[in-house]
Amino acid sequence: MGLASTVVSSLVALAAGLFLSTLTDYLTLLPGLMIVVYAAIGMRGTIFGAMGSRLGTAMHVGTFDLSFKKGSVLRANFEASIVLSLFMSLAMGVAARGLLLAMGGDSISLSQFVFISLVGGMLASFVLLGLNVLMAREGFKRDWDIDNISSPLMAAAGDLVTLPMIFLASWMVLNFPVWIIDLSFLALTAIAVITYLALINRKGEFDEARRIVKHSTPILILCLIPGLGAGLVIDSHVETLITSAALLILLPSFLNEGNALSGILTSRLCSAIHMGTMEVRRLPCRAAGGNFLIIHLLSVPVFLMLGGAAHGLALLSGATSPGLGIMLGISLIAGLITSGILSLLCYYIATGATCLDLNPDDHSIPLATSTMDMLGTVVFIGVVLLLAV
């Protein structure tokens, strides 16, 4: 099931890459947009990957049911994910603008950054929230292991849904009067702040939604750093990617695969820690090693498939490609390096959260996926510069 969900998620992400390769004009007209694009994709995967992990853990320990009544696991995660999406989209837009100002780069205005981040991010979040609930319902009914399917499918859906929504919001910025964008920026900012404060100040000793938001906010803010860093690295090499469109097609699926594999591994490790089937040690134990092997066995065929498929899509769409051999080499070499990094990264994030008495589901998935966004981007661009330039 893990291989099937990973392959499906990768194919979906390739469609997102093909979509991105057709919208390069937006990247030129709106300086700095690429930073928001990849930070938004990463944040959607982070928030909803963590939600899927929490639901999977609830199924494993027997606390999950399909009820949406007040106090249920499903409703708590629903409320928390909406509020976190709003608040983090606001933080992302502000941080992206601040980063570009600090770097001295050209960029769109603060109101435009926040508008694109909030409108695009929230439209995508509503779709992903529905998909997550649907997947949890079907997984519960069919007795699926959600840990093996939630992260890859949410990562792929995040790519496929977030890209069009971000570019829809970008189209609005380019075509709507400035005063509408500025007024919307103020209204959306107020909504994000008010709903966040209302939830974290809500009374109730055992309010799970409030607990999730309070525990997740610091780590999600921390996760903005590698997410924005990944966007900045891509933005600084966007001309190279635009010149060879096959690379632009491959990039979203490559990063999605890193997120999917790290999400699968982290979810499995978190569930094993919760159920007591894996000990927390300084060096990975045999149980962890078995999970590492699964990840590496998954990575080889999938990364090869991604390189070949991106090359084929580029040829079919009339776009440029550095060649099949180079595309296969870039995808496989960068993929194997990324898989090795994420194995150790996910283990120490999951066990470290446990040692610090933190909920692994709230902290491990966000840290793992956001860090892999940054590391995967650096590895990918490095291999591209080595083999294709």
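Okay, here's what the table says:
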{"read-out": "The range 252-269 residues that are of a type in the set (Phe, Trp, Tyr), paired with ones that are surrounded by fewer than 24 Cβ atoms within 10 Å (Cβ to Cβ) (beta carbon under 6 Å, 6 or more apart)", "value": "none"}
{"read-out": "Whichever residue in the range 131-169 is among the β-branched types (Val, Ile, Thr) and modelled with pLDDT of 75 or more and, among such residues, is surrounded by the fewest Cβ atoms within 10 Å (Cβ to Cβ)", "value": "VAL133"}
{"read-out": "Residue match in the range 100-109 (condition: under 15 Å from GLY32 (Cα atoms), of a type in the set (D, E, K, R) and either touching a Cys at 6+ places or on another chain (Cβ under 6 Å) or surrounded by fewer than 17 Cβ atoms within 10 Å (Cβ to Cβ) (or both))", "value": "yes"}
{"read-out": "Some residue of the range 52-60 being at negative phi, of a type in the set (Lys, Arg) and within 15 Å of the chain's Cα centre (by Cα)", "value": "no"}
{"read-out": "All helices (runs of 4 or more DSSP H) inside the range 199-292 with 3 or more residues being more than 30 Å from TYR26 (Cα to Cα) and hydrophobic (A, V, I, L, M, F, W, C)", "value": "208-236, 245-275"}
{"read-out": "Qualifying residue in the range 243-260 (condition: farther than 24 Å from ALA157 by Cβ, of a type outside the set (Lys, Arg) and either touching a helix residue (DSSP H, G or I) at 6+ places or on another chain (Cβ under 9 Å) or modelled with pLDDT of 75 or more (or both))", "value": "yes"}
{"read-out": "Residues (polar (S, T, N, Q) and over 18 Å from VAL178 (Cβ atoms)) located in the range 99-125", "value": "SER125"}
{"read-out": "Which listed residue, of VAL37, VAL61, VAL73, is at pLDDT 75 or above, under 22 Å from ARG268 (Cβ atoms) and among the aliphatic types (A, V, I, L, M)", "value": "VAL73"}
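The values are calculated or read from the model by the stated rules, or taken from the named source; none is laboratory data. Computed from a prediction, not measured in an experiment: that's the story for all the values here. Here Cβ is always computed from backbone atoms with ideal geometry, including for glycine, and neighbour counts include all displayed protein chains.
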